[in-house]
Amino acid sequence: VHGEVVPDPDLLPKVFDVAAAEHGGRVVDCSNMFYGHPQRMLMPGLAQNMGDGWETSRRRDDANDWVLVQLAAPAKLRFADLDTSHFKGNAPGGARPREIGDR
């Protein structure tokens, strides 16, 4: 199947994961794809290993890595779950949402 996932708003539950690939969320840009594509972060289910997530090369500067996710539908985020269970000793210290215009 070729094309772009476009969810039917009438078929979506009232509360759902707006970033999930299964609902149409997708990564549109990121700072680094050295070890793999960040789209893996949006796949269904829990990660089985580090390869199921987004791992970047090590930064040698003071900047931060970032990922831009296009949500499946307009939403007010109330909760963000960032699973770093397979990144022992190598997990990010924090995360924060940003609006598109905040770059």
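Key figures for this structure:
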read-out: Model label zone, Leu46; criterion: amide N under 14 Å from point 7 Å along Cα-to-beta-carbon; scope the stretch 67-96; value: 82-87
read-out: For the stretch 65-76, Karplus couplings with θ = phi - 60° (6.51, -1.76, 1.60), whole Hz, Gly/Pro x; value: 6, 8, 9, 10, 10, 7, 6, 5, 7, x, 7, 9
read-out: Distant-in-sequence amide H partners of Cys30 (H built 1.01 Å from N, under 5 Å); value: Leu68
read-out: Residues listed by number, the stretch 42-59, amide nitrogen under 13 Å from Asp81 label point at 7 Å toward C-beta; value: 42-47
read-out: Of all accessible heavy-atom area on the chain, the percent that carbon and sulfur account for (1.4 Å); value: 52 percent
read-out: Relative contact order (%) - the stretch 1-65, alpha-carbon pairs under 8 angstrom, separation at least six; value: 27 percent
read-out: Per residue solvent-accessible surface (Å²) - the chain, probe of 1.4 Å; value: 83 Å²
read-out: Taking all pairs of distinct alpha-carbon atoms in the chain, Kirkwood radius in angstrom; value: 15.2 Å
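The values are calculated or read from the model by the stated rules, or taken from the named source; none is laboratory data. In this text the structure is predicted, and so the values were computed from the model without any measurement. Note: ideal-geometry Cβ built from the backbone for every residue, glycine included; neighbour counts use all protein chains shown. Remember, those area values only see protein heavy atoms, side chains included, never the ligands or the DNA or RNA. Shrake-Rupley method; radii C 1.70, N 1.55, O 1.52, S 1.80 Å.
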